[in-house]
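Comments concern the structure below.
The values are calculated or read from the model by the stated rules, or taken from the named source; none is laboratory data. Please read all numbers here as calculations on a predicted model, not as lab measurements. To get the accessible areas, we keep the full protein, side chains included, count just its heavy atoms, and leave off ligands, DNA and RNA. Shrake-Rupley method; radii C 1.70, N 1.55, O 1.52, S 1.80 Å.
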Amino acid sequence: QVQLVESGGGLVQAGESLRLSCVASGRAFSSYVMGWFRQAPGKEREFVAVNWGVIRTYANFVKGRFTISRDNAKNTVYLQMNSLKPEDTAVYYCAARQGAYGIRSDEYDYWGQGTQVTVSS
């Protein structure tokens, strides 16, 4: 069983940056595929970024602006978000799975409670 706790969300203006953190409990964190997803009001949850080993993949709408990274010694995955836009406003969720790499939300077994990111224009 893995528990995930996100932090770092907030209210920022367009063009500013935020760094989200997700701390995982449990063992063998380094073996987990770690993903970030987001859900805006009235919309489906969507993929943002995933990290598994040296593999990092991003949704097209965040390429060049967001960076996913992890510190296995701290059981933590990060999402550095730069040049934020109002359309990035959403609840951001950290997710984990074992096994193969995936970008669909239904492929993930463990989820955090989410952290709100609001970008004003």
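Applying 0.36 nm per residue to the separation of Thr118 and Glu44 and subtracting their alpha-carbon distance, the gain on full extension is 24.9 nm. A 1.4 Å probe run over the protein chains yields, for the range 52-121, 51 Å² of accessible area per residue, whole-number rounding.
Extension gain, Tyr101 to Ala14, is 28.1 nm, computed as 0.36 nm per intervening residue step minus the present C-alpha separation. Here's the list of aspartates and glutamates a cross-link from Lys85 could span, going by alpha-carbon distance under 18 Å and ignoring same-chain residues fewer than 8 apart: Glu16, Glu46.
Gain on full extension, evaluated as 0.36 nm per residue between Ser30 and Asp71 minus their Cα-Cα distance, stands at 13.9 nm. Computed as a quarter of the hull surface, the mean projected area of the alpha carbon convex hull for the range 1-79 stands at 6.1 nm².
Distance from the alpha carbon centroid of the range 11-57 to that of the range 98-121 works out to 6 angstrom. Within the listed set Leu79, Leu20, Leu11, the Gaussian network model of the chain (springs between alpha-carbon atoms below 10 Å) gives the highest mean-square fluctuation for Leu11. Share of carbon and sulfur in the accessible area of the chain stands at 48%, probe radius 1.4 Å.
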